[in-house]
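For reference, the structure discussed in these notes is given below.
The values are calculated or read from the model by the stated rules, or taken from the named source; none is laboratory data. Please read these numbers as outputs of a predicted model, since none were measured by experiment. Here the Cβ is made from the backbone with ideal geometry for all residues, glycine too, and neighbour counts use every protein chain on show. With ligands, DNA and RNA removed, areas are computed over all heavy atoms of the protein, side chains included. Shrake-Rupley method; radii C 1.70, N 1.55, O 1.52, S 1.80 Å.
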Amino acid sequence: MTQGEGNTHAQDQAIAGIALAIGIAVPTTSAMALSVTGGGVTATSPWNSDSGLISVYDGSNDGDPGKAEYYRQDSAGTLRTLWNHSGSGTRVISGDGSKVIKFKACDENDWAEDDCSGWVAP
């Protein structure tokens with residue numbers, strides 16, 4: 001082996017060591033789901049580990065729909081609503097988009113104030 005080949009091997013080892021150190025220093029994380037309940041309706045985000053999805057589960061048997069009100073990162077000033085009109089025991093899931101940054105769950109009451117959770121940020 002020539003002197004140049006030895007230096008190349010040492011450089012390769014140094015680069016591999018740096019890459020390994022970076023991999024250890026920057027751990028990967030998966031999104032942890034957060035759920036809130038308002039009057040028997042549960043909203044969950046991230047859904048299925050996707051921070052751009054939110055779900056609404058209607059756990060009440062009152063005949064009224066459930067909803068999640070939420071904001072997305074790329075349109076933080078726009079209140080969005082995901083309705084579940086499918087009835088008790090069903091879940092609906094939003095379309096994918098930018099990260100959901102704040103949300104709450106509500107059970108709609110036709111002639112009274114809705115039953116809502118507080119706002120949460122996943």
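Here's how it looks for SER60: its modeled amide H is under 5 Å from those of GLY89, which are all 5 or more places away or on a different chain. For segment 34-122, the solvent-accessible area with a 1.4 angstrom probe is 50 square angstrom per residue.
Computed from backbone phi, the HN-Hα couplings of segment 103-119 come to 7, 8, 10, 9, 9, 6, 10, 3, 10, 8, 5, 5, 8, 10, 6, x, 6 Hz, rounded to whole numbers (Karplus: 6.51 cos²θ - 1.76 cosθ + 1.60, θ = phi - 60°; Gly and Pro given as x).
Take the convex hull of the alpha carbons in segment 56-122; its mean projected area over all directions comes to 4.7 nm². At full extension, ASN48 and ALA121 could sit 24.6 nm farther apart than now, given 0.36 nm per residue minus the alpha carbon distance. First select every other residue whose beta carbon is under 11 angstrom from the beta carbon of SER45; then total the charges, Lys and Arg +1, Asp and Glu -1. Taking every Cβ under 11 Å from that of SER45, the sum is +3.
Computed over neighbours whose Cβ is under 15 Å from that of LYS102, the net charge equals +3, Lys and Arg +1, Asp and Glu -1.
Label sites at ASP74 and ILE101, each approximated as a point 7 angstrom past Cα along Cα to Cβ, lie 1.4 nm apart. Counted by Cβ distance under 15 Å from TRP119, the other residues give a net charge of +2, where Lys and Arg count +1 and Asp and Glu count -1. Between THR90 and ALA112, residue separation times 0.36 nm minus the direct Cα-Cα distance comes to 5.6 nm.
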